[in-house]
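This report refers to the structure that appears directly beneath it.
The values are calculated or read from the model by the stated rules, or taken from the named source; none is laboratory data. These numbers were taken from a predicted model, which means no experiment stands behind them. Glycine also receives a Cβ, built like all others from the backbone with ideal geometry; neighbour counts cover every protein chain displayed. These accessible areas exclude ligands, DNA and RNA; they are computed on the full protein's heavy atoms, side chains included. Shrake-Rupley method; radii C 1.70, N 1.55, O 1.52, S 1.80 Å.
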Amino acid sequence: MLLIVAGHDPTGAGLRADVVTAEALGVPAISLPTLLSLQDEGAELVEPVDSRFLSDCLARYVPRCEVVKVGAVPTLEIFEILAKRLRNLTVVWDPVFRAEAGGVLSEATPEEALETFGEAVDIITPNTEELSQLVGRRIRTTVETELAARELVEEYSLTGVLVTGGHSADRLDVWVPAEGDTIAWEMPPGEGAHGSGCVLSTALACFLARGLGPETAVERAVRFARAAVRKARNTPFGRVVDPAAQIRRDAALGRAMQHVIRALEIIESDPTFARAIPQVGMNVAEVFDPSMGLEGVIGLSGRIVLDGDEPSVVGYPIPGGSKHVGTVALTAHRLDPSVRAAVNASYNGEFIERARDLGFVVSSFDRSEEPEEIDSTMEWGTEVAFRKSDDTPDVIYDEGDVGKEPMIRVLGRSAVEAVTKLRMLLG
């Protein structure tokens, strides 16, 4: 069981981010607020919780927990309570003294906090600015980071210090352990997000609670936090970290995989589809995460081909498995988010007429009109077909060009729906 003791930030960081992180990682957690705050353009109002109340809560819950993550602590008195109550737990401390947008969250100075609480801590997770406050001097480079972290490790007998480098010149995350070598990771390009430090420290505490060793727990926590930053949400309070993004992505991937597998089963079990298999083969694709490009699309690694007079699936569904049909699905999803899937088929005028008779929206593009500077014919063609149509197309076709086979693409909200529409075209 994980215990989370941190300040409540209504804008999405602090205790809120901590709890969502624990839920995302499947670790049961008890959460206790140290403070309530009003935050907009900084911490405008900070109200510490009653120290006796917090102490009584800790006395009740600590015996049921093995690991604790500590965030913002508003007073020296609460630091003293934590030092007394948490001495038998593995403690991960995110030393937050100021809100990211400005404003003081703690009356205690970093020096007072370390003197009171430092010996109860196992791992500290500061950013470079917070590390500078803890050691009392400016930290800018990786060398200075390692030296300062090493001082804290030795003085307070820590398991290690994990420093995030978003505010440093080198932009490196650095793990300085009591035992073993220092490890550094380059930070990815792009801006950070509000609450990223909260997610990192809580993820680390979660992996420790699962029984992982410190180095493995640190590496996994860094990866998890970076994914949460990449998926940060834009809010009226700026970019806010999204620790649940990975859960949603995994769920969407699972759904897309199931849909594509079912669509392939439908095709392979029905000889009628043999009429629609083009010379280059057929593929089915469904988008699960458009931000990843083609790697966010489940497609068949091979093709659906003719085996005698029957359709036969060659390969298996994987992310990025289909370039051409995947690009059609991805482009269509960008133009209409309700569309997530596509399947290609050989061109046949009867199929097009039947599509119109069924009330499907049919559109097309002409390969001979493709500009020379276009990188992707499928992206360009799908965009042209959407522009030509008053509504989202169900069917997009082209009549080919020199060396290019005429083709039909059928769109759907899922791979199963796209294949079902194609089956209707086949009669």
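Observations on the model:
- Among the residues of the stretch 273-319, the one identified as polar (S, T, N, Q), more than 25 Å from the chain's Cα centre (by Cα) and open to solvent by 50 Å² or more (accessible area, probe 1.4 Å) is Q279.
- Top-ranked residue of the stretch 37-72 - restricted to ones that are touching a residue at least 60 places away in the same chain (Cβ under 8 Å) and among the β-branched types (V, I, T), ranked as nearest to P126 (Cα to Cα): V70
- Search result, residues across the stretch 220-247 that are assigned to a helix (DSSP H, G or I), open to solvent by less than 60 Å² (accessible area, probe 1.4 Å) and charged (D, E, K, R): R226
- Flag not set for E80, criterion: over 29 Å from the mean Cα position of the chain (by Cα) and more than 19 Å from I124 (Cβ to Cβ).
- Candidates F386, F351, filtered to the one that is among the aromatic types (F, W, Y) and within 30 Å of L253 (Cβ to Cβ): F386
- Hits in the stretch 243-267 (condition: in contact with a Lys or Arg (Cβ under 8 Å, 6 or more places away or on another chain) and without any contact (Cβ under 8 Å) to a residue 24 or more places away in the chain): A245
- Neighbours by Cβ (under 6 Å, 6+ apart or cross-chain): first from the stretch 12-25, on the phi < 0 side of the Ramachandran plot and in contact (Cβ under 8 Å) with a residue 24 or more places away in the chain; second part of a helix (DSSP H, G or I) and among the aliphatic types (A, V, I, L, M): A17/V199; T21/V199; T21/A203; A24/I247
- Only listed residue being open to solvent by less than 10 Å² (accessible area, probe 1.4 Å), within 20 Å of T182 (Cβ to Cβ), out of contact with any His (no Cβ under 6 Å at 6 or more places or on another chain) and at pLDDT 95 or above, chosen from I78, I124: I124
- Pairs where the first residue, in the stretch 84-111, is open to solvent by less than 50 Å² (accessible area, probe 1.4 Å) and the second is part of a strand (DSSP E or B) and among the polar types (S, T, N, Q), C-beta under 8 Å, 6+ apart: A99/S37; A99/Q39; G103/Q39; L105/S37
- Enumeration of residues in the stretch 8-33 that are farther than 17 Å from L204 by Cβ and modelled with pLDDT under 95: H8, D9, P10, T11, G12, R16
- Considering (1) open to solvent by less than 20 Å² (accessible area, probe 1.4 Å); (2) touching a Phe, Trp or Tyr at 6+ places or on another chain (Cβ under 7 Å), the lone condition that L335 does not fulfil carries the number (1).
- Residue match in the stretch 199-208 (condition: over 18 Å from L2 (Cα atoms), assigned to a helix (DSSP H, G or I) and either at pLDDT below 95 or not aromatic (F, W, Y) (or both)): no
- Considered as a group, the residues in the stretch 375-404 that are loosely packed, with under 11 Cβ neighbours inside 10 Å and within 33 Å of the chain's Cα centre (by Cα) include one that is nearest to V419 (Cα to Cα), and that residue is D391.
- Unique residue being within 27 Å of the chain's Cα centre (by Cα) and at pLDDT 95 or above when the list is V68, V62: V68
- Selection from the stretch 1-13 of residues that are touching a Leu at 6+ places or on another chain (Cβ under 9 Å) and either farther than 12 Å from G71 by Cα or not aliphatic (A, V, I, L, M) (or both): L2, G7, H8, D9, P10
- When S55 is tested against the conditions (1) more than 32 Å from the chain's Cα centre (by Cα); (2) within 21 Å of R98 (Cβ to Cβ), the lone failure is (2).
- Selection over the stretch 286-328 of residues that are β-branched (V, I, T) and over 16 Å from D250 (Cα atoms) gives a count of 7.
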